[in-house]
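Working notes, structure below.
The values are calculated or read from the model by the stated rules, or taken from the named source; none is laboratory data. Model, not experiment: these values are computed from the prediction. Please note: Cβ atoms are built from the backbone with ideal geometry, for glycine as well, and neighbour counts cover all protein chains shown. Quick note on the areas: whole protein, heavy atoms, side chains included, nothing else; ligands and nucleic acids left out. Shrake-Rupley method; radii C 1.70, N 1.55, O 1.52, S 1.80 Å.
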Amino acid sequence: MPNLGIEVLFKGSNMLRLLGGLWVSLRISLIAVGFSILLGIPLGILMTVNSKIIKAFTRLYLEVVRVMPQMVLLFIVFFGTTRIFGWNLNAEIASVIVFSFWGTAEMADLVRGAFISIPKHQYESARALGMNSPAIFTVVILPQTVRRLLPLSINLVTRMIKTTSLVMMIGVVEVLKVGQQIIEANRTSSPNAAFGVYGTVFLLYFIGCWPISMLSKYLEKRWSNA
Amino acid sequence: MNWEVIGSYLPLYWKAMLLTLRIGWLGIVFAILIGIFCAIIRFYKIPAAGQIVGVYIELSRNTPLLVQLFFLYFALPKIGIPVRADFCGALGLALLGGAYMAETFRSGLESVAKIQTESALSLGMNRSQVVLHVIFPQAFSVSVPSFVANIIFLLKETSVFSAISLMDLMFTAKDLIGLYYKTTECLTLLVVFYALILIPVSVLGDRLERRVRHAEFGN
Amino acid sequence: MHKEEIIKISHITKRYEENAILEDFSLSVYEGEVVVIVGPSGCGKSTILRIMNGLEPIQKGEVTYRGEKVDGKLGSITRIREKVGMVFQSYELFPHKTILQNIMLAPVLVQKRDKKEVKEEALQLLNRVGLLEKKDSYPRQLSGGQKQRVAIVRALCMHPEVLLFDEVTAALDPEMVREVLEVLLSLAKEGKTMVIVTHEMSFAKAVADRVIFLDGGHLEEEGTPAEFFEHPKTERAKQFLNTFTYDKVERE
């Protein structure tokens with residue numbers, strides 16, 4: 001049995017440092033998710049409006065997000081702003097900007113999809129019962145929309161967390177980078193540390209994302225036949 | 001924007017794009033094969049194999065490709081399994097994509113109602129004829145939108161290959177920026193080349209979706 | 001007049017989980033006969049047809065087609081199904097194939113018949129049900145009644161010896177019911193052997209040689225349409241037939 005280099009994690013504060021790195025990833029995702037929800041919901045509602053100009057703009061925005069790798073967007077914001085505006089943008093802020101830009105598009109598309117999926121006769125039957133427009137919206141449409149939306153937006157959170165792993169490529173010291181540093185520092189004492197450390201990072205991500213995925217799946221199943 | 005600089009960088013980007021395409025293509029083909037295989041195992045609930053495939057899918061879908069690649073590339077050699085970087089990239093993409101494709105194909109299979117199978121059986125078809133002529137084509141058309149989304153997702157994911165020192169587009173861009181500080185040119189080329197890869201796929205995907213849509217509405 | 005027995009169901013019991021769907025049920029279908037099965041919802045009518053086609057396993061008893069055992073697990077089942085056609089309530093056309101492809105698929109694939117010959121026959125049959133111009137359409141482009149007529153043609157094109165119809169008009173709008181039932185009536189006139197499950201009582205009366213009344217998973221009553229509809233013997237049958245008539249409202 002080869003040495004798997006797991007002992008490195010129990011040396012000094014290594015495990016704590018790794019968890020600290022994980023917190024950096026989580027913090028970036030959570031802030032970006034917050035912005036995505038705040039900006040994505042109004043944008044999604046705006047997208048249901050029948051206007052050619054709005055449609056053209058949002059279409060372009062969504063298509064850019066659809067085809068451009070987040071990595072490329074990160075590079076543009078991180079390196080590009082330095083060059084063009086002379087800002088020395090903090091890598092973490094650049095990450096939040098990029099992930100919010102991406103998440104807002106995803107969220108808006110989900111919101112739009114949820115709204116247009118409500119059948120027209122739901123509005124009509126509510127009106128037939130004598131409800132006024134605000135009542136129809138809050139009592140009939142909104143609850144149904146939320147049920148369709150929530151599982152999918154929870155899913156977006158796990159995607160966001162997974163995608164934050166990219167930020168190490170522009171120099172944010174997150175969990176993977178901390179792992180790399182630990183491996184480097186213990187190169188001589190534990191030459192096999194890469195196995196234990198990267199294995200642990202892998203598991204940490206899994207432990208973080210899996211329960212959220214399960215929750216999303218559970219809600220989707222539970223509400224699908226409502 | 002300095003066009004001379006762009007001209008001199010073009011061949012480097014071109015080479016990098018070919019590398020991305022080569023590994024991406026290989027990874028996607030294997031992802032589809034793994035996906036079909038796993039979807040069938042899951043759909044028919046084959047004992048033991050079904051559970052193993054389930055664990056693989058969850059592990060794969062709930063961790064980032066970057067971490068998976070680090071594990072494959074840096075950790076496996078430590079237990080005596082050295083992996084070449086390009087092979088590692090294709091393998092990582094295939095494993096990740098396999099899990100996504102498996103879920104796509106499985107939900108496609110599940111969307112074909114049981115009674116469709118029965119009506120085919122009642123016409124005297126045997127099991128394999130039913131699967132081949134009735135279930136698969138319908139499952140595939142239902143899967144197409146999600147299939148196309150997976151392909152685009154996987155092609156975008158190739159952008160992390162540079163982390164295992166593959167000289168792809170990201171690597172080239174970062175390298176050139178670091179060497180000559182021609183940031184604007186480097187980033188423009190980066191966007192153009194990714195657009196070159198992904199816009200045709202996106203357009204073709206849309207067209208494919210429209211073509212098979214007739215099957216989605218069922219009876 | 002002695003006719004040959006084609007399908008024989010003897011003393012079958014069908015359970016689904018704990019519930020008995022059919023209990024000690026027997027029925028024989030003879031050549032050229034039209035058997036109509038009626039009864040309240042959930043009485044097991046459709047299950048009988050599914051069992052005749054080997055789509056449903058049974059716990060006790062036996063079903064045979066011309067003396068050969070009908071069992072979904074046996075290899076012989078595909079050969080039997082070629083001879084026992086079935087039409088479903090929900091049509092179940094293949095949505096990814098055109099009307100013509102729907103009809104031709106099984107004759108060419110299963111019976112290995114000549115493509116040209118099958119096509120000719122398919123067109124002829126489509127013409128007969130008035131849908132020739134729909135041959136290259138997809139099922140989604142057809143109305144329910146049209147789809148059901150295609151489903152009947154699809155079954156006919158296999159040259160089955162018996163046809164099973166499972167509530168084929170139950171999913172249709174009222175004005176489409178007739179166009180489908182007309183097809184069934186014309187098949188009956190030709191002398192086709194058929195087993196029909198239906199809720200259309202006046203149609204049952206017109207088409208049946210024999211009516212089977214099923215209730216709670218067993219045969220309650222059996223007779224000619226005249227006997228059954230005019231003079232039902234059992235209390236259950238009387239009650240059942242009464243559900244189709246309404247008393248005039250007397251205003252106070």
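Every test in (1) within 14 Å of another protein chain (Cβ to nearest Cβ); (2) touching a residue at least 60 places away in the same chain (Cβ under 8 Å) is passed by B:G80 save one, and that test is (2).
Matching residues to (1) over 23 Å from C:R50 (Cβ atoms); (2) within 12 Å of chain C (Cβ to nearest Cβ); (3) buried (at least 18 other Cβ atoms within 10 Å of the Cβ):
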position: B:S107; (1), (2), (3): yes, no, no
position: B:L121; (1), (2), (3): no, yes, yes
position: B:V130; (1), (2), (3): no, yes, yes
position: B:V142; (1), (2), (3): yes, yes, yes
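Of the residues making up segment C:139-162, none is in a helix (DSSP H, G or I), surrounded by fewer than 19 Cβ atoms within 10 Å (Cβ to Cβ) and of a type in the set (S, T, Y). When the residues of segment B:150-171 are filtered to those that are open to solvent by 10 Å² or more (accessible area, probe 1.4 Å) and under 17 Å from the mean Cα position of the chain (by Cα), the one that is nearest to the other protein chains (Cβ to nearest Cβ) is B:K156. Considering segment A:36-89, the residues that are within 14 Å of chain B (Cβ to nearest Cβ) and assigned to a loop (DSSP other than H, G, I, E, B) include one that is farthest from B:L66 (Cα to Cα), namely A:G86. Scanning segment C:82-103 for residues that are out of contact with any strand residue (DSSP E or B) (no Cβ under 8 Å at 6 or more places or on another chain) and of a type in the set (G, A, S) turns up just one, C:S90. The residue list B:V67, B:V29 contains one member that is of a type in the set (A, V, I, L, M, F, W, C) and under 21 Å from A:R159 (Cβ atoms), which is B:V67. Here the helices (runs of 4 or more DSSP H) wholly within segment B:101-219 that include at least 3 residues being closer than 30 Å to A:I76 by Cα are B:136-157, B:169-180, B:183-212. I'd like to check something: does segment B:41-56 contain any residue that is crowded, with 21+ Cβ neighbours inside 10 Å, touching a helix residue (DSSP H, G or I) at 6+ places or on another chain (Cβ under 9 Å), in a helix (DSSP H, G or I) and without any contact (Cβ under 8 Å) to a residue 60 or more places away in the chain? Yes; the residues of segment B:41-56 include at least one that is crowded, with 21+ Cβ neighbours inside 10 Å, touching a helix residue (DSSP H, G or I) at 6+ places or on another chain (Cβ under 9 Å), in a helix (DSSP H, G or I) and without any contact (Cβ under 8 Å) to a residue 60 or more places away in the chain.
Restricting attention to segment C:100-112, the residues that are facing chain B (nearest Cβ under 8 Å) and crowded, with 20+ Cβ neighbours inside 10 Å total 2. Within segment C:81-94, being outside any strand (DSSP E or B), more than 8 Å from chain B (Cβ to nearest Cβ) and open to solvent by less than 40 Å² (accessible area, probe 1.4 Å) holds for no residue. For segment B:62-70, the criterion of a residue being over 22 Å from B:F171 (Cα atoms) and either at the interface with chain A (Cβ under 10 Å from one of its Cβ atoms) or surrounded by fewer than 19 Cβ atoms within 10 Å (Cβ to Cβ) (or both) is satisfied by at least one position.
Against the test of being more than 18 Å from C:R149 (Cβ to Cβ) and surrounded by fewer than 22 Cβ atoms within 10 Å (Cβ to Cβ), the options C:K97, C:K115 yield a single qualifying residue, C:K115. A Cβ distance below 8 Å, combined with a sequence gap of six or more or placement on separate chains, defines the contacts here; from segment A:108-127, residues that are open to solvent by 80 Å² or more (accessible area, probe 1.4 Å) reach residues that are not in a helix (DSSP H, G or I) in the pairs A:I116/A:T48.
Of the residues making up segment B:173-195, those that are at pLDDT 90 or above, more than 9 Å from chain A (Cβ to nearest Cβ) and in contact with a helix residue (DSSP H, G or I) (Cβ under 7 Å, 6 or more places away or on another chain) number 2. Of the residues that sit in segment C:118-136 and are surrounded by fewer than 20 Cβ atoms within 10 Å (Cβ to Cβ) and among the charged types (D, E, K, R), which one is nearest to C:L187 (Cα to Cα)? My answer is C:R128.
So that you can scan it fast, the table gives a plain yes or no per residue for (1) facing another protein chain (nearest Cβ under 10 Å); (2) modelled with pLDDT of 85 or more; (3) more than 19 Å from A:E92 (Cβ to Cβ):
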site	(1), (2), (3)
A:R127	no, yes, yes
A:F137	no, no, yes
A:P151	no, yes, yes
A:V157	no, yes, no
A:I161	yes, yes, no
A:L166	yes, yes, no
A:V173	no, yes, no
A:Q180	yes, yes, no
A:T188	no, no, yes
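Can you give me the number of residues within segment C:163-182 that are assigned to a helix (DSSP H, G or I) and either within 13 Å of another protein chain (Cβ to nearest Cβ) or over 13 Å from the mean Cα position of the chain (by Cα) (or both)? Final tally of qualifying residues: 7.
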